[in-house]
Amino acid sequence: MWELIRTNKRKSTILIFLLAFIPMGLGYAIGFSIQPQGGGIFGVAVAMVIWIIMMLASVAGGERILLASAHAKQVKHDDAPQLFNIVEEMKIASGLPNMPRVYIIDSKVPNAFAVGLNPKRAAVAVTTGLLARLNRDELQGVIAHELGHITNRDTLFMTLAGVTVGAVIIMADLYLRGMIYGSGRSRSSSKNSGQAAVIMLVVALVLSILAPLLAQLLYFACSRKREYLADASSAQFTRYPEGLASALEKITSSQDKKCFKVNRAVAPMFIINPLSATGKSKSLFSTHPATQDRIIILRGMAGNASITAYNNAYKAAHENNEIIGNRDLETATDIGIRKESPKESSKKPAKQWRQAQDILHKINNYALLSCVCGLRFKIPPDFQKKTIKCPRCGKSHDVPIAEIAAIATVLNEVGKTVK
């Protein structure tokens, strides 16, 4: 899909510049309404300064900001070996030059997202709920989808477009607040300029209301198409479209906006937008296509995992419209569907949930203590007592103070280094 990657890069550049005209127009209207003589140019300058500062911040540490806002914590191979193995498999299948960093989000709601302004800075984050609910094939399908976003350069566009939308919202909000709490009058001295200022004041008010909506509509429309392309990439990388189709069903049915609080800037990056609850919306403001539509396409690939098969399934579901470009289709080769992975009968949901929680405890530096009755204790690094009783059998255990102290020492050293 090299042509798709090149096309996405080109389209992303064009779209970012188109989005940039929205804050420029809004800045001009606001500046002119405040000061007709030279205020428009000044407003454009202020808008561009805001946009450039936010862009530079995003380029410098956009991934860290997005991951931190989702409360994601980085894990190592020893913390989550199966997850790491799946990410490594999909990294090889996708042709990424570097192993993406892996993050865990403490939430029972299953979901995942990827970030990365370029493949070398890529990272993928999954929730504990995702690890607890999906089998290996389903988890592989989700990871492949997220790495598809990275290889197709979607994460670059979504990050920069999100920053532009954010700049427009900030400017519109500041102006509307100023109109409410300020005088709302321009500093015009002449009658003609005063009339022009009144007209531009109306224009500025309208733009302040509509500009964020227009920017979001353009952003969301592009996001929806890129979700389809990431699904096609997932089918190609895994050679098993059913894995992602089944995962989407489970993820959608388990969404809960009340239990999973996420930043609006990050929400569109998840495989299912956690703020839309069900993924069934088909409105202009939907960041993702309807989930059922995505599932129908994946299950309509007719025994082939190629992008041609995905394009044909998409055409069948969308009145003969296409999603993949002709150049990519011309070079595409057939990819057979692999067999389903052997079922792990011992992996019951409760056991999967405990394993997901164990990963969190490891990265949060909890000490483990086992009782003779079979119960395991997770002791936090700041635990102060010398003994602890087993809630199951009542047996008293000495707390491994040396281990706790060692963990505390490491944490202190890390804190000093960061400072």
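The values are calculated or read from the model by the stated rules, or taken from the named source; none is laboratory data. No experiment lies behind these values; they were computed from the predicted model shown. Counting neighbours? That spans all protein chains shown, and the Cβs are built from the backbone with ideal geometry, glycine included.
Brief remarks on what is shown
- Only one of the numbered conditions (1) surrounded by fewer than 22 Cβ atoms within 10 Å (Cβ to Cβ); (2) touching a residue at least 60 places away in the same chain (Cβ under 8 Å) is not met by Gly129, and that is (1).
- Checking every residue in the stretch 164-180 against the condition of being at pLDDT below 80, of a type in the set (Asp, Glu) and either buried (at least 20 other Cβ atoms within 10 Å of the Cβ) or over 25 Å from Ala305 (Cβ atoms) (or both) gives at least one match.
- Criterion: of a type in the set (Ser, Thr, Tyr), buried (at least 21 other Cβ atoms within 10 Å of the Cβ) and at pLDDT 70 or above - qualifying residue of Ser254, Ser286, Ser233, Ser246: Ser233
- Evaluating Val87 against the criteria (1) over 30 Å from Gly40 (Cβ atoms); (2) under 15 Å from the mean Cα position of the chain (by Cα); (3) not charged (D, E, K, R) leaves one unmet condition, (2).
- In the set (1) in contact with a helix residue (DSSP H, G or I) (Cβ under 7 Å, 6 or more places away or on another chain); (2) at pLDDT 90 or above; (3) among the hydrophobic types (A, V, I, L, M, F, W, C), the condition left unmet by Phe84 is number (1).
- Neighbours by Cβ (under 8 Å, 6+ apart or cross-chain): first from the stretch 107-123, of a type in the set (Phe, Trp, Tyr); second at pLDDT below 90 and part of a loop (DSSP other than H, G, I, E, B): Phe113/Ala70; Phe113/Val266
Yes/no matrix, rows are residues, columns are (1) of a type in the set (A, V, I, L, M); (2) surrounded by 12 or more Cβ atoms within 10 Å (Cβ to Cβ); (3) not in a strand (DSSP E or B):
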| site | (1), (2), (3) |
| --- | --- |
| Gln355 | no, yes, yes |
| Ile359 | yes, yes, yes |
| Phe383 | no, yes, yes |
| Gly394 | no, no, yes |
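- Residues in the stretch 39-64 that are more than 22 Å from the chain's Cα centre (by Cα) and more than 15 Å from Ile170 (Cβ to Cβ): Gly39, Gly40, Ile41, Phe42, Val44, Ala45.
- Test: residue in the stretch 106-118 that is closer than 28 Å to Leu15 by Cβ, under 15 Å from the mean Cα position of the chain (by Cα) and surrounded by fewer than 23 Cβ atoms within 10 Å (Cβ to Cβ): yes
- Some residue of the stretch 108-115 being farther than 16 Å from Ala247 by Cβ, part of a strand (DSSP E or B) and in contact with a Leu (Cβ under 7 Å, 6 or more places away or on another chain): yes
- Filter pass, Lys378 being charged (D, E, K, R), closer than 20 Å to Ala80 by Cβ and at pLDDT 70 or above: yes
- Here the condition is being exposed (fewer than 15 other Cβ atoms within 10 Å of the Cβ) and not assigned by TED's automatic domain parsing to the domain that holds Ala290; of Leu369, Leu375, it holds for Leu375 alone.
- The selection criterion, being touching a residue at least 40 places away in the same chain (Cβ under 8 Å), of a type in the set (Asp, Glu) and surrounded by 12 or more Cβ atoms within 10 Å (Cβ to Cβ), does not hold for Asp293.
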